[in-house]
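One structure below.
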Amino acid sequence: MKLTIVGRWGAYPEKDEPCSGYLLETKNNKILIDCGPGVLTNVQRYCSLDEIDYVIISHFHPDHFTDIYSFQYASMISMKLAKRRPPLKIISPLKDNKSKEMKYGEFTESILYDEGSILSLNDVEIRFSLNEHPILCYSIGVHHENKYFAYSADTQIGHNLIEFVEKADLFLCESSLYENMEKEIKGHLTARQAGNIAHSANVKKMILTHLPHFGDHEDLLNQAKKEFIGDLYLANCGDVYYI
Ligand SMILES: [Zn+2]
Ligand SMILES: [Zn+2]
């Protein structure tokens with residue numbers, strides 16, 4: 001699998017840099033995981049929109065999905081121009097009413113998931129695990145050829161997150177907060193908590209993402225390193241990882 005960081009910011013985009021968006025590619029798939037503000041423009045640096053088969057939405061907070069509305073429109077125009085044949089497939093939480101908006105005429109197909117769903121998309125298998133977050137939100141696990149990629153999406157320390165990401169070859173984990181903010185803000189992880197999850201789950205490699213717009217990101221790395229001694233990276237737009 002090849003993972004490209006399309007966007008890495010929590011809450012709102014920065015100049016030229018989007019919120020959450022990650023392009024996962026295999027031989028038979030191009031899957032966009034989350035589609036926050038700015039993702040639709042930036043992902044075109046790496047592939048054409050027509051090549052993207054699936055978009056998976058972890059949850060309906062604006063920093064994770066709002067560019068999907070433009071993508072629906074892009075799918076419509078592309079299909080009318082006969083550039084895209086199958087409609088864009090949008091995978092989103094079954095129990096969130098917003099999922100009803102993911103169907104856009106014949107130009108998108110809506111696929112719904114729930115805790116415990118297993119989706120087989122060509123050569124990958126995708127699982128979901130419920131997070132602890134103010135609205136319904138799921139971590140996403142992708143298996144492909146004996147490799148495992150796990151994405152935390154947004155969560156605070158949760159009941160089964162460690163089991164879900166266990167032994168991941170690559171763990172993409174939110175790190176919205178600095179260590180000293182643990183008690184101030186609920187629903188997110190500090191860098192140190194992210195490091196602790198990676199350590200407890202015995203993951204091989206971790207990327208910190210969903211970054212805050214303040215402070216020094218090097219501190220996030222140093223705080224995660226107190227708990228996790230494996231390979232550790234900060235998400236940067238355009239960075240590519242092979243899993
Ligand atoms: Zn978020
Ligand atoms: Zn959120």
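Please list 135-141, 156-162 highest first by mean number of surrounding beta-carbon atoms within 10 Å per residue. List each step's numbers first, then the result.
Numbers: 135-141: 21.9, 156-162: 17.0.
Result, highest mean Cβ count within 10 Å first: 135-141, 156-162.
For the chain, give the share of DSSP beta bridges that are antiparallel, in percent and rounded to the nearest 5; count only bridges with both residues there.
On the way: 30 of 56 bridges.
Within the chain, antiparallel bridges account for around 55 percent of the total.
ASN146 versus SER200, label points 7 Å from Cα toward the beta carbon: distance in nm?
Taking the two extended label points, one gets 3.0 nm.
Using C-alpha positions alone, give me the convex hull volume of region 49-99 per residue in cubic angstrom.
Numbers: hull volume 3.7 nm³, N = 51.
Given the Cα convex hull of region 49-99, per-residue volume reads 73 Å³.
Based on DSSP, what percent of beta bridges with both residues in region 41-158 are antiparallel, to the nearest 5?
Working: 16 of 25 bridges.
Antiparallel: roughly 65 percent of the beta bridges in region 41-158.
To the nearest 10 degrees, how steeply does helix 191-200 sit against the main Cα axis of the chain, on a 0 to 90 scale?
Tilt relative to the chain: about 90 degrees.
Take each of the peptides 230-236, 31-37, average the number of other beta-carbon atoms within 10 Å over its residues, and list them starting from the highest.
Working: 230-236: 17.1, 31-37: 26.6.
So the order, starting with the most tightly packed, is 31-37, 230-236.
Taking the simple approach of a point 7 Å from Cα along Cα-to-Cβ for both ASN180 and GLU163, what is their distance in nm?
3.7 nm
With a ≥ b ≥ c taken as the square roots of the eigenvalues of the C-alpha gyration tensor of region 183-237, please select rounded if a/c is under 1.5 and otherwise prolate if a/b is larger than b/c or oblate if it is not?
Details: a/c = 1.78, a/b = 1.26, b/c = 1.41.
It is oblate, given that a/c is not under 1.5 and a/b is not larger than b/c.
Send over a whole-number figure in Å² for the accessible area per residue of the chain, probe 1.4 Å. The partial results should precede the final answer.
On the way: 10530 Å² over 243 residues.
Here the per-residue accessible area is 43 Å².
Can you tell me the 0 to 90 degree angle between the C-alpha axis of helix 68-80 and the longest principal axis of the chain, rounded to 10?
Roughly 30 degrees between the two axes.
If you average 1/r over every pair of different alpha-carbon atoms in region 2-235 and take one over that average, what Kirkwood value in Å do you get? Write out the running numbers ahead of the final one.
Numbers: mean 1/r = 0.0567 Å⁻¹.
Value: 17.6 Å, from the Cα pair sum.
Which length gain, in nm to one decimal place, applies between ASP123 and ASP50 when the Cα-Cα distance is subtracted from 0.36 nm times their residue separation?
Gain on stretching ASP123 to ASP50: 24.4 nm.
Region 177-243: which trypsin sites (Lys or Arg not before Pro) are DSSP loop and have at most 10 other beta-carbon atoms within 10 angstrom? Intermediate values should be presented prior to the final figure.
On the way: sites: LYS183, LYS186, ARG192, LYS204, LYS205, LYS225, LYS226; in loops: LYS183, LYS186, LYS204, LYS226.
Passing sites in region 177-243 are LYS183, LYS186.
Can you give the FRET efficiency for LYS80 and ASP16, using 1/(1 + (r/R0)^6), R0 = 22 Å, r = Cβ-Cβ distance, to the nearest 0.05?
Values: r = 30 Å, r/R0 = 1.38.
Given R0 = 22 Å and the Cβ-Cβ separation, E is 0.15.
Suppose the chain between SER70 and ILE229 were pulled fully straight at 0.36 nm per residue; how much longer would it get relative to their current alpha carbon spacing? Let's see the in-between values first.
Working: separation 159, 0.36 × 159 = 57.24 nm, distance 4.06 nm.
Residue separation times 0.36 nm, minus the Cα-Cα distance, leaves 53.2 nm.
Calculate what fraction, in whole %, of the accessible area of region 2-235 sits on carbon and sulfur atoms when a 1.4 Å probe is rolled over the protein chains. Present the calculation step by step, with values, prior to reporting the outcome.
Values: 4970 of 10040 Å².
Summing carbon and sulfur atoms, their accessible area is 50 percent of the total for region 2-235.
The values are calculated or read from the model by the stated rules, or taken from the named source; none is laboratory data. No experiment lies behind these values; they were computed from the predicted model shown. Positions of Cβ are generated from backbone atoms using ideal geometry, with glycine treated the same way; all protein chains shown enter the neighbour counts. These area figures cover heavy atoms from the full protein model, side chains too; ligands, DNA and RNA do not enter into them. Shrake-Rupley method; radii C 1.70, N 1.55, O 1.52, S 1.80 Å.
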